Structures are given as C-alpha cells and as structure tokens.
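In what follows, a single structure is set out as structure tokens and then discussed.
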Amino acid sequence: MEIIKKYENYRKIIKSYGFALSTISFDAQTIAPKKSAKYRAEMISTLSGEAFKISTSDEYIKIVNELFGIKDQLEENLKREIEKVYKDINREKNIPKEEYIAFRKTLSLANTKWEEAKQKSDYNIFKDHFKELIKYIKKFNEYTNPDENVYDVKLDDFEEGYTINKYDEFFEYLKENLVPFVLEVLSKPEVDDNFITSKLYDISKQREFINYLLDVFNFDLDRGLLRESVHPFTSGINCNDVRLTVRYLEDFLPSSIFAGIHELGHALYEQQVSEELINTNLARGASPGMHESQSRFYENIIGKSYDFWQVHYKKLQSIFSNELTNVSLEDFYKGINKVKASLIRVEADELTYPLHILIRYEMEKLICNTNISVDELPKRWNDLYEKYLGIRPNNDSEGILQDIHWSWGMFGYFPTYALGSAIASQIYYKSDINLEQLIKNNEIYKVNDYLKEHLHKYGSTKSPRELIKIATGEDFSPEYYVRYLKDKYSKIYNISEEKE
Ligand SMILES: [Zn+2]
C-alpha cells in the first residue's frame, strides 16, 4: 500500500533523528569534555526542533490517522505499532496551544524550583509551583480524556492495561501480606555489614570485577558497550547497539556490582529483542514495568542469590584479597541482603523497597484524585513512612522532595518499579528452567536464551499483560512476589515460616 510506504519513510526520518539524539546524549553523559556542553545544547535544540516539526507535521499525522482508520487490514505488528503511534500523537491534541505552552513553562520552572528546594530542604520553595503543575495535569485530562479518571490515564500511559483497579489489588495484597513480615524482619538483630560500610575498594579492581561479570552474564560486546557515568543507565539504541553505564564508588562496593547487574538486565533485554523489528517502533522493551522486571530479575533474583555467590565469590575475594579474606561467603551473602528501614527509596534494600513505592502510590492517588492542599502533603508523606516503615523523615529533603519525578509532572511512573519486581518473581516461579542449577553451573547464557524466547524477542509487539501470560502462562498475580520475599528473607533472618 502506498500509504504504508509513506509512513515507513516518515518513520525512518524520525528514527534517524532519534538515533542522532540518543547517541549524542550517551556521549554527553559519558565521555564528552566538560566545555563541549554549550555547543552541544544548541545542536540538540536544533535537531529536536526539526524532529518535533516532522513528527507533528500535518502530513505525518494524516498518514497515521488514515492508517489507524484501516488498522484491521494491516499486518499484526504494523497494526500494533500504528495503535501506539496514534495514541502518542493524539495524546495532547485537544489541549489549547497557549495553555500547553504555559504548562511547559510551569514544568521547567517547577523543576528548577524543586532542585533548589531539595538542596535547601525547604518544601515551601517548590510548593506553589507544584500546585500549579497539579492544576494543569487535572485540567488537561479534562481536555484529553474527559470520561476517564486522571490517575487511571497516567498509570496506563506508562504501563498499558494497569490502572487503579489493578494496582489497588496489588498494593492491598502487599499491605496485608508483606508489611507485617517486613516489620518482623526489622525487629530482628541487625546483620553485620561492616565489610561494606567500613572498607575502601580500589576502583580499578572494581572495574576488573565488572568486566568479569559482563562475561558471566554473556553480554555481547560486539553489540554493546560499557562506560561510566554519574547515574547508571542503559541506552538501547537497537539490538545491535546497547550501551550501559556503571558508577564506581570507592566507599561502597555494592553500587558498581548490583547497579551494574541491574543495568545488565536492561541491556540484555534490549540486546535480545528480535532483529526483525529493528526498523519499526516496536524494537524495544515493552514497558517500564516489563523492563524493571528484567533488570530486577538479574539484579536480585540472580545477582543477590546465594547460588550466584557460591560460584563467583571466590573471584571477588581473589581481586580484593585484603578486604575480603576474613569475610565468609555466608557473611557476604547476608551483608549484601541486609534489611534496614530507610528514608531514601534509591538506597532501599530489596525487601523494604516495595513499601517505598506503596507510599508513593498512596500519595499519587491522593494528589490526583482528591483536592488535598499541597500544604498537607509533607505531613501525609511523613505519616506514611511512620506507618509502613516505622521511621519519620526529619526534613523535606529526605521526605517528599527526594525524587525528581513529580517535578517533571510524572505521576504514575513509580508503581512500575514495584510491579517490575513482582513480575520478576512470577517469572522466577513459573519458568520452565531450573534456575538454581543454571546459576550453579555458571550457565547464565541459558537463562538469557530462555528469556529471549519467552519474553525479550517480542519487543513491544505485545502489551505487558499479554507478555506476562506468554512468559508465565498466567495473568499477573502478586502472590509470587510475597512468596519469594518471605522465602528468601525468612532464611536470612531465621524466621520460621509457619508463623506467617
Ligand atoms: Zn532499572
């Protein structure tokens, strides 16, 4: 069909801009010299301006709308792609232009004010801008989805098919079944992790270990690379060009190892998307939640397991012979899995992590679905930390101001983090491989192969809910997550399971 050719032509141009921009961005975050920033900002602004013009041009929109109109006649993957692109380009179409421009300004100011507020630990600096931002988000929803709940729309934007109903079920289950267990673990004597907190680990030696891990996880260096950056991230340009970064901290060894394995999980997912999709808009992981399910599967279920360190601890010990000689495998395993109530989400352990997300979910529901005053929010936040984790922030910086998401107007993203961990657990219990054995045999490439066949290769051709069914044979269920966490941490903290 002529119209498909036209669409493909536009797609190629838009993807070319995307390719240029993401390569520049990776370069900027890893190796670009300090003084290159100003010139680069101008180039980026020109390129993104051009890309925006093309992707919002009348002709392109007309082509997409037309294809959407005949979507049932299209081949399956193209139909899926057109549905996604159609949703994207129409997302903001009913918003009056002047209001949209004003909103962009508010957003940019809110972000600057958030930075300042966080630094000074003073919510008052951010408050009014936050209020303005929330007002716009609610108002825009009346233009774009007048019949739908604003938080439902936000949640579905990030994780297709997951709205309040689904998430309520999930978080209620965690509240009922996980919160009491977490409190019990927290009441147990603290695990000794002195070898982590009181020792320095040479960075060049850490690099050596991370290179060893790339090999263990069978990351294909002909189709990807590793660099360093302030915040670790993965840039999946396509399956033949996947770039991940790590950060090395001399005084915190787990950062490079576990954030590294986490990013490797994202990277393997991107590397294993079917090459046939490479020119389409479906050539990437299916959603934030699915992506997190893979990064956390590798990081927590494999990387923080006893079986894994049974094989690889010797190597780490040989690299850090002074620092780790007197640390037994058992102590190392317990140290890296230490549970502690903490105020900061990004520093949380695997067990308390979902409670940080539960708190944000409850806050977002409150903000989106009620008329609560912004003045009330810090107190509500602190109350929730006290309720679920038994600790209370002392200031806004370690409380409501800690995450950047809301200052970007991003509501509905946080829940995908917990969902991802839960999906990872479901895959763990429902997959047809003997994971423990493969880890013990140092055959992680076989795990990769399995995940490729049952999940990764599909890219975005299926919705997250369909993919879970393909990968596990069932719909999503939160039970596996709780089962996994209880099983693992009962053993570490000597809690008899009958009691639960
Ligand atoms: Zn991640």
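FYI, it's all coordinate maths here, none of it is from the lab. Keep in mind the model is a prediction, meaning the values are calculated, not measured. All Cβ positions, glycine included, derive from the backbone under ideal geometry; neighbour counts span all protein chains shown.
Just need the relative contact order of the stretch 1-90 here, percent rounded to a whole number, with Cα pairs under 8 Å and 6+ apart.
On the way: 37 pairs, mean separation 29.8, N = 90.
For the stretch 1-90, the relative contact order is 33 percent.
TRP406: net charge of surrounding residues, Cβ under 11 Å, Lys/Arg +1, Asp/Glu -1, itself excluded?
On the way: positive: ARG360; negative: GLU364, ASP403.
Taking every other residue near TRP406 into account, the sum is -1.
Report the label-to-label distance for ILE203 and ASN65 in nanometres (one decimal), using points 7 Å from each Cα along the Cα→Cβ vector.
Taking the simple label geometry, ILE203 and ASN65 are separated by 5.4 nm.
Evaluate the relative contact order of the chain (contact order divided by residue number), counting alpha-carbon pairs under 8 angstrom at least 6 apart; express in whole percent.
Numbers: 623 pairs, mean separation 94.5, N = 500.
Result for the chain is 19 percent.
Sort MET43, MET410, MET363, MET290 so that the residue with the fewest other Cβ atoms within 10 Å of its own Cβ comes first and the one with the most comes last. Walk me through the numbers on the way to the answer.
On the way: MET43 12, MET410 15, MET363 19, MET290 25.
Arranged by neighbour count, lowest to highest, MET43, MET410, MET363, MET290 become MET43, MET410, MET363, MET290.
In the stretch 429-457, which residues have a backbone nitrogen under 18 Å from the label point lying 7 Å from LYS84's Cα in the Cα-to-Cβ direction?
452-457
Note the full-extension length gain between LYS93 and ILE44 as 0.36 nm times their separation in residues minus their Cα-Cα distance, in nm to one decimal. If you can, show how the numbers build up before the last one.
On the way: separation 49, 0.36 × 49 = 17.64 nm, distance 2.47 nm.
Result: 15.2 nm gained on full extension.
For the stretch 256-400, rounded, prolate or oblate, judged on the Cα gyration tensor with a ≥ b ≥ c (square roots of eigenvalues), a/c < 1.5 rounded, else prolate if a/b > b/c?
Values: a/c = 3.25, a/b = 1.26, b/c = 2.59.
In terms of gyration-tensor shape, oblate.
Out of all DSSP beta bridges in the chain, what portion is antiparallel? Express it as a percent rounded to 5.
Working: 4 of 9 bridges.
So the antiparallel bridges amount to about 45 percent of the total.
How much length, in nm to one decimal, is gained on full extension between ASP383 and ALA102, taken as 0.36 nm per residue of separation minus their Cα-Cα distance?
On the way: separation 281, 0.36 × 281 = 101.16 nm, distance 3.39 nm.
Here the answer is 97.8 nm.
Of the listed peptides 72-82, 270-280, what is their order by residue-averaged count of other C-beta atoms within 10 Å, with the highest listed first? The partial results should precede the final answer.
On the way: 72-82: 15.4, 270-280: 18.7.
Taking the mean over residues of other Cβ atoms within 10 Å, the ranking is 270-280, 72-82.
If you average the sequence gap of Cα pairs under 8 Å that are 6 or more apart and divide by the length of the stretch 99-143, what percent do you get for the contact order? Don't skip to the answer; put the middle values down first.
Working: 21 pairs, mean separation 17.4, N = 45.
Contact order relative to length: 39 percent.
How high is the FRET efficiency from ASP72 to SER229, r the C-beta distance, R0 45 Å, rounded to 0.05?
Numbers: r = 44 Å, r/R0 = 0.99.
The pair ASP72/SER229 has a calculated efficiency of 0.50.
Given the C-alpha centroids of the stretch 385-456 and the stretch 118-172, what is the distance between them in whole angstrom?
21 Å
Going by average Cβ density within 10 Å per residue, which order do the peptides 5-11, 250-256 take, highest to lowest? Numbers along the way, then the final one.
Details: 5-11: 15.3, 250-256: 17.0.
So the order, starting with the most tightly packed, is 250-256, 5-11.
Classify the stretch 99-143 as rounded, prolate or oblate from the Cα gyration tensor: take a ≥ b ≥ c as the square roots of its eigenvalues, call it rounded if a/c is under 1.5, otherwise prolate when a/b beats b/c and oblate if not. Each step should come with its number before you reach the end.
Details: a/c = 3.97, a/b = 2.13, b/c = 1.86.
Prolate, since a/c reaches 1.5 and a/b exceeds b/c.
For the stretch 19-79, rounded, prolate or oblate, judged on the Cα gyration tensor with a ≥ b ≥ c (square roots of eigenvalues), a/c < 1.5 rounded, else prolate if a/b > b/c? Walk me through the numbers before you get to the answer.
Details: a/c = 8.21, a/b = 2.42, b/c = 3.40.
Oblate, because a/c is 1.5 or more while a/b does not exceed b/c.
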